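Some notes on the structure that comes next.
The values are calculated or read from the model by the stated rules, or taken from the named source; none is laboratory data. It should be emphasised that the depicted structure is a prediction, and the values quoted were computed from it without experimental measurement. SASA here: full protein model, heavy atoms, side chains in, ligands and nucleic acids out. Shrake-Rupley method; radii C 1.70, N 1.55, O 1.52, S 1.80 Å.
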Amino acid sequence: MSSRRSSSTSRGSSRMITENELNDLLLKLQRLVPDLRRRSSRGSMSKTLKETCNYISSLQKEVDNLSDKISELMSSMEITSVEADALRGLLLQQH
């Protein structure tokens, strides 16, 4: 790994990212992803990124499944359209 890598910012300009910054970001990801937290040794950057992508995908599937279940429950409940709209508004803020 080189000591510097470039990264684009939101304005389109680029700046150099140091190896220390990359390592810090890698450690943050390893602390956030449950499967990576359980491992005692540090993994490679590519493995950490793959695991992070898999974890995010699994979270998205879980959100979709829970949204479907909530929709089913709401359709089976006898609630007014005002209450349903309020619930939908709350749920949409979370998604």
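At-a-glance table
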item	result
Filter result (at pLDDT 90 or above and open to solvent by less than 80 Å² (accessible area, probe 1.4 Å)) within region 54-95	Tyr55, Ser57, Ser58, Leu59, Val63, Asp64
Of all residues making up region 1-38, the number that are open to solvent by 100 Å² or more (accessible area, probe 1.4 Å), outside any helix (DSSP H, G or I) and either among the basic types (Lys, Arg) or at pLDDT 65 or above (or both)	5
Counted residues, region 38-77 - those being farther than 30 Å from Glu19 by Cα and not basic (Lys, Arg)	16
Members of region 47-91 that are hydroxyl-bearing (Ser, Thr, Tyr) and either in a helix (DSSP H, G or I) or at positive phi (or both)	Thr48, Thr52, Tyr55, Ser57, Ser58, Ser67, Ser71, Ser75, Ser76, Ser81
